[in-house]
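Here's the structure, in structure tokens; my notes come after.
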There are 2 protein chains.
Amino acid sequence: MRQLVLASRNVKKAVEMQRILGEAGLDIQVLSVADFDGVPEVAETGATFEANALLKARAVCAATGLPAVADDSGICVDELNGMPGILSARWAGRHGDDDANLQLLLDQLADTPDERLGAQFRCVIALVTPDGSEHVVEGEMPGRLVRERQGSNGFGYDPIFVPDGFTQTSAELSAAEKDAISHRGKALRALVPLIGS
Amino acid sequence: MRQLVLASRNVKKAVEMQRILGEAGLDIQVLSVADFDGVPEVAETGATFEANALLKARAVCAATGLPAVADDSGICVDELNGMPGILSARWAGRHGDDDANLQLLLDQLADTPDERLGAQFRCVIALVTPDGSEHVVEGEMPGRLVRERQGSNGFGYDPIFVPDGFTQTSAELSAAEKDAISHRGKALRALVPLIGS
């Protein structure tokens, strides 16, 4: 496997994946769907991270004829029975409005005692190849929410999430520090042996 | 037991309870906390309907010296792992903004296929008496959500909820029709033998 396509138009994500896979010793070129014409948008209609990642990877593999990787990730809050979960990027009702999503989450938890603010970031990555094989790997980052935003790195809910074992939010960690413990970093490293094989 | 106090400032709720308990043959006077001075507001910090109902009933029983009844209720959406649940009245972040709560729920479910719009209304009622006895009863109304508001009766999420066995929303049912099938009606009828005994 010399090339794979990431099911995202976010070139930063492709660069990040190239870096992490390269650090793991894989000689591979990571393309994004932005490098291809006519790859259809896939609606995230699955009921789970796994289902959504597979939906996207299958569609991109079919459209490009290359091995395809897709991720789906989000924050799962104990007090909300694991939500926002797959709806993390659209929790306040519009896709990708990080500030509205984060503020809504804080507002919903206003009456919740601090000791019940446990949460986990989860990332599921699906790998689908033209021969029809499908693999799913997963990474988690457990921690807890705080009510005051801290830090400006990362994105999404990072400014209000403190990983277990840390006193800073994940938005106060460097990219390298976060890669080492993050849900996405763990899932990407779990992917390495599947791509290398 | 000749008097009981409903842990709510909503006189309509006390009248409704008086009516349903009266129809069941109980000769009882239902007071509300509005009939007393100095009953403290209780923050709904419980993690479940049961916990919140008990918190409120205990506080009102302690403050009035009379048997106290409290309810906690909400809508539990399958696709949201049972949320909004205890946060139903504050889902969009402010207590009691029915329109914002309902619109947020619809927006969150915009990408969810219709066949996954199952939901249940749940109502839990706690009865706490001065001798320290505590009882909890529950009622459910299963159904599904629709994306277009229909009807103007009821409140909260009624305009987008179709009970199982019906084609109308619960906001299109009369009060009597709704009492007969609703989560609150079922819970209140389950309360009758506990009060009568």
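The values are calculated or read from the model by the stated rules, or taken from the named source; none is laboratory data. What you are looking at is a predicted structure, and each value in this text was computed from that prediction instead of being measured. FYI the Cβ positions are ideal-geometry reconstructions off the backbone, even for glycines, and counts take in every protein chain you see. Just so you know, the surface numbers come from the protein's heavy atoms only, side chains and all, with ligands and any DNA or RNA stripped out. Shrake-Rupley method; radii C 1.70, N 1.55, O 1.52, S 1.80 Å.
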| field | Selection status of A:GLU172, open to solvent by 50 Å² or more (accessible area, probe 1.4 Å) and under 12 Å from the mean Cα position of the chain (by Cα) | value | no
| Filter result for the condition that a residue is part of a helix (DSSP H, G or I) and buried (at least 21 other Cβ atoms within 10 Å of the Cβ), over B:CYS76, B:CYS61 | B:CYS61
| note | Checked the stretch A:48-88 for anything away from chain B (no Cβ under 13 Å) and acidic (Asp, Glu); matches are A:GLU50, A:ASP71
